[in-house]
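Trainee: Structure provided below as structure tokens; questions to follow.
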Amino acid sequence: MERGGGRRRSEPEETDKGRMKRTIIKDWKTRLSYFLQNSSNSSKRKCKKAGKHCNYFRPSPEEAQLWSEAFDELLANKYGLAAFRAFLKSEFCEENIEFWLACEDFKKTKSPQKLTSKAKKIYNDFIEKEAPKEINIDFQTKNMIAQNIHEVTHTCFSAAQKRVYSLMENNSYPRFLESEFYQELCKKTPISRATQGT
């Protein structure tokens with residue numbers, strides 16, 4: 001009797017923990033598939049033009065483990081970037097990665113007209129006071145951008161981008177590496193048997 005009672009007490013706790021873990025991972029997978037779909041839409045168009053078929057596959061545990069070696073490794077991988085973006089969304093700070101990506105795109109822009117319109121959009125979305133996705137940067141950097149925006153160059157947002165990169169690398173990235181979702185990606189076994197059949 002006593003043995004059975006002891007077992008019963010710990011089973012609900014383990015079941016609750018297991019259920020919570022599955023819910024967290026399911027939520028992550030939902031967010032991740034959303035980001036992969038959105039980020040792959042433009043890539044799919046490029047792939048179709050080039051006559052290639054592009055897909056985003058779950059990385060191997062070895063591939064996922066590479067992301068822990070350097071923040072750039074994570075950002076350079078499409079799946080890794082989407083996973084990190086989903087993680088930032090769960091921490092309510094996805095504006096950081098969105099700003100960084102917008103700056104990366106901005107630096108590759110060749111047309112002066114497009115450069116000016118993109119600069120205004122970045123400024124309106126991320127920099128100005130009460131911007132919808134306002135990033136957390138100091139007053140001097142904001143001021144400098146406000147002045148540079150009148151004569152747009154590819155380096156308009158460089159200082160702010162460096163600050164945001166550093167913020168992500170030093171704060172969010174270590175937390176991402178500790179997250180259950182990332183730990184699951186590094187495991188040799190799939191997240192669940194049910195997903196293998198689908």
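Trainee: Too long at a 27 Å Cα-Cα cut-off: which of Lys108/Lys162; Lys133/Lys188; Lys107/Lys187; Lys78/Lys129; Lys78/Lys107? Spell out each step's value before the answer.
Mentor: On the way: Lys108/Lys162 16 Å; Lys133/Lys188 37 Å; Lys107/Lys187 37 Å; Lys78/Lys129 31 Å; Lys78/Lys107 19 Å.
Listed pairs above 27 Å: Lys133/Lys188; Lys107/Lys187; Lys78/Lys129.
Trainee: Given a 1.4 angstrom probe, I'd like the percentage of the accessible area of the range 64-126 that is carbon and sulfur, rounded to a whole number.
Mentor: Working: 1600 of 3110 Å².
Result for the range 64-126: 51 percent of the exposed heavy-atom area is carbon or sulfur.
Trainee: Would you kindly derive the ³J(HN,Hα) couplings of the range 90-96 from the backbone phi angles with the Karplus curve 6.51 cos²θ - 1.76 cosθ + 1.60 (θ = phi - 60°), listing them in order in whole Hz, with x for Gly and Pro?
Mentor: For the range 90-96, the Karplus-derived couplings read 5, 9, 6, 9, 5, 4, 4 Hz, x marking Gly and Pro.
The values are calculated or read from the model by the stated rules, or taken from the named source; none is laboratory data. Quick caveat, the model's predicted, so the values are computed rather than measured. Ligands, DNA and RNA are stripped out before the accessible areas are found, and what is left, the full protein with its side chains, is counted by its heavy atoms. Shrake-Rupley method; radii C 1.70, N 1.55, O 1.52, S 1.80 Å.
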